[in-house]
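The values are calculated or read from the model by the stated rules, or taken from the named source; none is laboratory data. For clarity, every value in this text was computed on a predicted model and none was experimentally measured. As a convention, Cβ positions derive from the backbone with ideal geometry for all residues, glycine included, and neighbour counts pool all protein chains shown. These accessible areas exclude ligands, DNA and RNA; they are computed on the full protein's heavy atoms, side chains included. Shrake-Rupley method; radii C 1.70, N 1.55, O 1.52, S 1.80 Å.
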Amino acid sequence: MSLKIIGSGFGRTGTMSTKQALEQLGLGPCHHMAEVFNNPDQPKFWSALAAGADVDWTEVFVGYRAQVDFPGAAYWQDIVAAFPEARVLHTERPEDVWWASYSGTICKLFAVRERLDLPPHVAAILADMDEIVFKRVFGGLDRDTSIAAYRRNNQLVRELVPADRLLIFAPSDGWSPLCKFFGVPVPDEPFPRTNARDEFWERLGGEPANA
């Protein structure tokens, strides 16, 4: 099994819904931040990257046909080079809509993570993500810095990925563009909708009241 789909879109662009959709279409398993927490083989790769080491991307994605979301999205250019036959799926939302979702979930989590009572392995993963995502991709937690990084990534994808290899996608687009791009039948069931703000915080024991 080799990676066939590379997700270049940031977290909070519908990546969990997209992961579930790809898996429903038989295009998974799909890597996502959830896999870093749930697959015990995963954290060592991202810890190595956080420390400045190189990794073998074929080893990182053993067992996966697709990848979306952070932390993979932080390295999409390297992953595209490592899998030259793969197609690029870029999830995207209007930047103000993205910021409203991101600021109340991922951004808020990293602003308060050191004050939360988290299991040691979760705290260790978040420390690595702080280095990979917030220091290297965003360079800060404020609105202007975050939106500038988001805008820059969206533009870079358009500039660097050939049009015939790229799908710009939002879950609100539904099944049709996804199925057409990957050449698979449209399912009868509704497109998945998941990972709203309350779901995000539920996985972490609830949203902090004072942050």
Discussion item. Modelling each spin label as a point 7 Å along the Cα-to-Cβ direction, I'd like the V112/T194 distance in nm, to one decimal.
Written reply: 2.5 nm
Practice prompt. Can you quote the Å³ per residue value for the convex hull of the Cα atoms in segment 71-165, rounded to an integer?
Written response: 108 Å³
Worksheet entry | Mean Cβ count within 10 Å, highest first, over the residues of peptides 146-156, 117-127, 64-74 | 64-74, 146-156, 117-127
Response to the item:
segment 62-211: relative contact order from alpha carbon pairs under 8 Å, six or more residues apart, as a whole percent, is 31 percent
Practice prompt. Would you tally the net charge around T15, using a Cβ to Cβ cut-off of less than 12 Å, leaving T15 out, and scoring K and R as +1, D and E as -1?
Written response: 0
Worksheet, complete the sentence: Note to self: with every protein chain in place and a 1.4 Å probe, segment 1-143 gives an accessible area per residue in Å² of 41 Å²
Item to complete: Take the alpha-carbon centre of segment 138-152, take the same for segment 92-111, and report the distance between them in whole Å.
Response: 10 Å
Worksheet item: Want the number for C179 to A34: 0.36 nm per residue separation, take away the alpha-carbon distance, what's left?
Response: 49.8 nm
Fill in: Calculated log₁₀ intensity ratio I(q)/I(0) where the Debye formula runs over C-alpha points of the chain, q = 0.14, 0.15, 0.18 Å⁻¹
-0.83, -0.97, -1.45
Worksheet, complete the sentence: Projected onto their principal axes, the Cα atoms of segment 1-103 stretch, largest extent first, over whole-Å spans of 35, 32, 26
Worksheet item: Taking the Cα centre of the chain as the origin, how large is its charge dipole in debye, to the nearest 20, when only Lys and Arg (+1) and Asp and Glu (-1) carry charge on their Cβ atoms?
Response: 320 debye
Worksheet entry | Sequence of S101, S8, S2 from largest to smallest accessible area, 1.4 Å probe | S2, S101, S8
Item to complete: At a 1.4 Å probe radius, which order do D54, D130, D142, D164 fall into by accessible area, largest first?
Response: D54, D164, D142, D130
Worksheet item: Can you give the accessible area of W57, probe radius 1.4 Å, in Å² rounded to 10?
Response: 30 Å²
Practice prompt. Would you kindly state how much longer the chain becomes between V186 and S2 on full extension, computed as 0.36 nm times their sequence separation minus their alpha carbon distance, in nm to one decimal?
Written response: 63.9 nm
Discussion item. On a straight-distance basis, which lysines could pair with K44 in a cross-link, Cα separation under 29 angstrom, same-chain partners fewer than 8 positions away excluded?
Written reply: K4, K19, K108, K135
Worksheet item: Looking only at segment 102-122, which residues have a backbone nitrogen under 17 Å from a spot 7 Å from the Cα of L141 in the C-beta direction?
Response: 102-118
Item to complete: Express the carbon and sulfur contribution to the solvent-accessible surface of the chain as a percent, rounded to the nearest whole number, probe 1.4 angstrom.
Response: 51 percent
